[in-house]
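The values are calculated or read from the model by the stated rules, or taken from the named source; none is laboratory data. This is a predicted model, so every value here is computed, not measured. Note that we place each Cβ from the backbone using ideal geometry, even for glycine, and neighbour counts take in every protein chain shown. Ligands, DNA and RNA are stripped out before the accessible areas are found, and what is left, the full protein with its side chains, is counted by its heavy atoms. Shrake-Rupley method; radii C 1.70, N 1.55, O 1.52, S 1.80 Å.
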Amino acid sequence: MRATPDIRVQADPFDAARECAAISAASNGIGALVTFTGLCRNEGGRLAALELQHYAGMAEAQMRRIADEACDRWPLDALAVIHRHGLIRPGEGIVLVIAAAAHRRAAFEAADFMMDYLKTSAPFWKREHLADGTLGGWVAANEADDDATARWQGAADR
């Protein structure tokens, strides 16, 4: 049976341990639980916070499309993706991906796939709030993220 992804966009912090425990308790027979937590960096003390904005409705829909593709590609028992918006301080979680499967390879690859596509395809924007009290610029797209996403194209055919 194909997993139904749990997709959430929220302002409140998430509790990765609680989310993992819920998936473990609800999933029968998983052999692997892979998590990724993306944290806000302080950029060497330069950054006071990141302001994350999203296109409500569209962000969730795009996240669901990516998660559905992950569930189609790999035999997952569960997939949860939580992405925060609002003002996020260094050390706080921005994104949580949890992939559960009978075997580790599927869980690792699905989590990696989710993050690569979230970075390049989900409509979220990051603006820097600097430690000196000034408002910084919007964080530009990264070519390395595009390269990471490109490696999955055609991968299902291999």
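May I ask for the angle, rounded to the nearest 10°, between helix 104-121 and the longest principal axis of the chain, with both axes built from Cα atoms and the value confined to 0 to 90°?
40
Helix 58-73: angle to the longest alpha-carbon principal axis of the chain, degrees 0 to 90, nearest 10?
Approximately 30 degrees, to the nearest ten.
What figure, in Å² to the nearest 10, do you get for the accessible area of Cys20 with a 1.4 Å probe and non-protein molecules left out?
That residue has around 20 Å² of solvent-accessible surface.
Which percent of Cα pairs goes in each bin when the distances of the stretch 89-149 are cut into 5 angstrom slices starting at zero?
Taking all Cα pairs of the stretch 89-149, the binned fractions are 4, 14, 18, 20, 19, 12, 7, 4, 2, 0 percent.
Loop only by DSSP, 16 or fewer other Cβ within 10 Å of the Cβ. Give me the chymotrypsin sites (Phe, Trp or Tyr not before Pro) in the stretch 1-85 that pass, ordered by residue number.
On the way: sites: Phe14, Phe36, Tyr55; in loops: Phe14, Tyr55.
When the chymotrypsin sites (Phe, Trp or Tyr not before Pro) of the stretch 1-85 are filtered for loop state and at most 16 Cβ neighbours within 10 Å, Tyr55 remain.
Compute the angle between helix 16-26 and the longest alpha-carbon principal axis of the chain, please, reported from 0 to 90 degrees and rounded to the nearest 10.
20
For the stretch 37-149, place one equal point scatterer on every Cα, skip the solvent, and apply the Debye formula. What is log10 of I(q)/I(0) at q = 0.18, 0.21 Å⁻¹?
The Debye formula, applied to the Cα set alone, gives -0.93, -1.15.
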